[in-house]
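Heads up: the structure comes next, in structure tokens.
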Amino acid sequence: MTDKQLNDKSIWDEIYRKTENKPGWDLPGADPNMTDLIGKHGGKDDSMRILDVGCGNGRNAPVAESLGAAYCGTDFSSSAVAHCRELYPDRDFYIQDICADLEGTELGESGPYDVVMDCGCFHAIPPQQRGAYIANAALLCRPGGLLVIGSWHRGEGVDGNDPQYYPYLYLSEWFFNAGDIESLFGNTFELIDSRVDRDVYPGMFDGFAYFALRRCK
């Protein structure tokens, strides 16, 4: 998929429709690494508010439940958001391009949040839009708050993604390690923890990486 296609909402809507809201990257249950990192660095507080960026079919809504936190989700795909609203009618979901200007939008005015989590959205952002993503993440995450990102891990010798493994989407820049994240986010967020889990998508590349970052005050 090209950068232009990644920015085409209709393609994402089609993916969710064709797969009946179970796209190829979806896994059953909440992501345990997300749950663990948020619990470890964000605490467990019934006043905590969590925003799920690229929420997809709402798979990670139980992360907030397990921590006693309030949950909101946002996604580029209206099909995905419609599905989430059916599953969780008491939660707030926003249809929003996370790289767009958020001034005056429902999402922009809903923050700031204590925790912003992103399991597989940031790594699909075209490189030229990453600055906008980071600026919006800073807008949505309160000073001292937590940003947790999950992405393909860039291990030694990994510099591209073969589309035969992932027919829907791919960019050669989809892989990140801790140094990459520090370089990209360092002016606004501090990397405080990271890990690589090679059992999330067994046999695919060098595992799935998780990065916990603290919003600079």
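Set against the 2.2 N^0.38 Å expectation for a compact globular protein, the chain has a Cα radius of gyration ratio of 0.94. With the simple model of a label 7 Å out from the Cα in the direction of the Cβ, Lys22 to His41 spans 3.3 nm. Backbone geometry of the stretch 141-148 corresponds, through the Karplus equation with coefficients 6.51, -1.76 and 1.60 at θ = phi - 60°, to 3J(HN,Hα) couplings of 9, 5, x, x, x, 10, 10, 10 Hz, x marking Gly and Pro. Taking the number of Cβ atoms within 10 Å of each Cβ as an exposure proxy, the fewest-first ranking of Leu27, Leu147, Leu107 is Leu27, Leu107, Leu147. Amide H to amide H distances under 5 Å link Tyr113 with Cys141, Arg142, where only residues 5 or more positions off or on other chains count and H is placed in the peptide plane. Find the lysine pairs in the chain meeting two conditions, Cα atoms under 27 Å apart and a separation of 8 or more places or different chains, and report how many there are. Qualifying lysine pairs in the chain: 6. A helix-only calculation puts the chain at -8000 deg cm²/dmol for mean residue ellipticity at 222 nm, using -39500 (n - 2.57) for each DSSP H run of at least four residues, averaged over all residues.
Since every read-out is calculated from the coordinates, none of them should be taken as a lab result. As the structure is a prediction and not an experimental result, all values here were calculated from the model. A quick note on method: Cβ atoms are made from the backbone with ideal geometry, for glycine too, and the neighbour counts reach across all protein chains shown.
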